[in-house]
Amino acid sequence: MLTPQEHVKLPWAGLLALFAAAFTAVTTELLPAGLLPQLSEGLDASEGQIGFLVTGYAVMSFLTAIPVTAVLRGLPRRPVLIAVLAGFALFNVVTALSSAYPLTFAARLLAGVMGGTLWAMLVGYAARMVPPERRGRAIAIVSAGITVALCLGIPAGTALAAAFGWRAAFLALAALAAVLAVWVRWKVPGYPGEPASVRIPLRRVATLPGIRTVLTVTVLVLLGHQAVYTYVAPLAELSGSGQTGLVLLVFGLSTVAGIWIVGAVIDRCPRPLLLATLALIALAMLVLGLAGQSRAVLLIAAALWGAAFGGAPTLLQTALVGASGPANADVATSMQTTVYNLGIAAGSLTGGLVLETAGAGALPWTALPLVATALIVVTAARRHAFPDRPAPARPVEMV
């Protein structure tokens, strides 16, 4: 017999549009990293300067996610989403046509603003499109765009650039964003903005029960993950194989499996699933710390780590929307976007300091207490941040 949850059909056309938007944003952000030599020659800049095109994008996303979301929260959601996608199309066209590094850098900064705004919207939009009992699966579908971009989008862009030049790769991204804007207008429902009379100030959203707890767990998990992931190459060298590419491939394929599993069962048992995910990451760090010098152990640990981490962002985003409610999801998610980027930056810095002072073998031991602390927090925060069941349904107005 089908449960009521299984009778509810997902709005696939709309969710896949949001999935494609996530795919476009991640590919836009990271594609220069795969085209360093071509961009360096085309823009007459060093490869280090080309790397700053990724850095500048990320910094602008970090700095603008909260303030831009606060300014735009009173506007209808669909026009804002279409405008963001149009911005991606425009700035990718500018990147494709530019031969001057300063102009390209400026376009990347503005694209970063689009990215920060988009990430603040996507999860809340997905949450509004489905009833609470399907919220986790909807968020998982949208978040899968990140994983697919990393596994397929960046390699496809790199291959396209090798065949037709780097400008063609950015023009293709621009075309995709333009098509997406039309798709969103056609298939994604419209929702009103928040009237000023009922709008909760940012500081009050931050103090809603459970919000700070979810943000704390987010930064702990990202700190631990990034401290090790950034320096996979020296960690792989400890096994004597030095096959960083193989380790990353195993990790990447496992993240796809992880997000698929999470998407299939998240709405039935979100709390146990998050606890299992964090425990598995902690186990992987422990295994790497104890026996990471073995090539077989390294690959097994990478598979466990990737499978667990693949679903972690979706679980944390779902918990945040549950704590904030869909009406405040954009603001709450903008805070999580900022915290996410903070965790990435701080984790990379921490891992680099540990690598320089104690060596690659100490990296898993650095991550383990951070992930273990996150596990303890989730275990304790049962009432508001990480409940067993989704929050009750709230009516959502459409326009």
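The values are calculated or read from the model by the stated rules, or taken from the named source; none is laboratory data. Since the structure is predicted, the reported quantities are computational estimates derived from the model, not experimental observations. When we count neighbours, we look across all protein chains shown, and the Cβ atoms used for this are built from the backbone with ideal geometry, even at glycine.
Being assigned to a helix (DSSP H, G or I) and surrounded by fewer than 23 Cβ atoms within 10 Å (Cβ to Cβ) is the filter here, so list the residues in the range 265-281 that pass it.
Val265, Arg271, Pro272, Leu273, Leu275, Ala276, Ala279, Leu280
From the set of residues in the range 39-70 that are small (Gly, Ala, Ser) and touching a Phe, Trp or Tyr at 6+ places or on another chain (Cβ under 8 Å), which is farthest from Pro102 (Cα to Cα)?
Ala65
Within the range 193-213, identify whether any single residue is under 18 Å from Leu72 (Cβ atoms), at pLDDT 90 or above and not hydroxyl-bearing (Ser, Thr, Tyr), and answer yes or no.
No, the range 193-213 contains no residue that is under 18 Å from Leu72 (Cβ atoms), at pLDDT 90 or above and not hydroxyl-bearing (Ser, Thr, Tyr).
Can you find a residue in the range 340-358 that is modelled with pLDDT under 85, hydroxyl-bearing (Ser, Thr, Tyr) and either closer than 30 Å to Pro131 by Cα or not assigned by TED's automatic domain parsing to the domain that holds Val228 (or both)?
yes
If we keep just the residues of the range 84-141 that are among the hydroxyl-bearing types (Ser, Thr, Tyr) and closer than 28 Å to Leu53 by Cα, which is surrounded by the fewest Cβ atoms within 10 Å (Cβ to Cβ)?
Once the filter is applied, the top-ranked residue is Ser99.
Does any residue of the range 244-264 turn out to be outside any helix (DSSP H, G or I) and of a type outside the set (Val, Ile, Thr)?
Checked against the condition, which is being outside any helix (DSSP H, G or I) and of a type outside the set (Val, Ile, Thr), the range 244-264 yields no hits at all.
Go over the candidates Thr28, Thr55 one by one and state the one that is modelled with pLDDT of 90 or more and part of a helix (DSSP H, G or I).
Just a single option satisfies the conditions, and that option is Thr28.
Tell me which residues, restricted to the range 221-270, are acidic (Asp, Glu) and at pLDDT below 85.
The one that is acidic (Asp, Glu) and at pLDDT below 85: Asp267.
Can you go through Ala120, Ala140, Ala159, Ala172 and tell me which one is of a type in the set (Gly, Ala, Ser), within 25 Å of Leu248 (Cα to Cα), under 23 Å from the mean Cα position of the chain (by Cα) and not in a loop (DSSP other than H, G, I, E, B)?
Going through Ala120, Ala140, Ala159, Ala172 in turn, just one is of a type in the set (Gly, Ala, Ser), within 25 Å of Leu248 (Cα to Cα), under 23 Å from the mean Cα position of the chain (by Cα) and not in a loop (DSSP other than H, G, I, E, B): Ala140.
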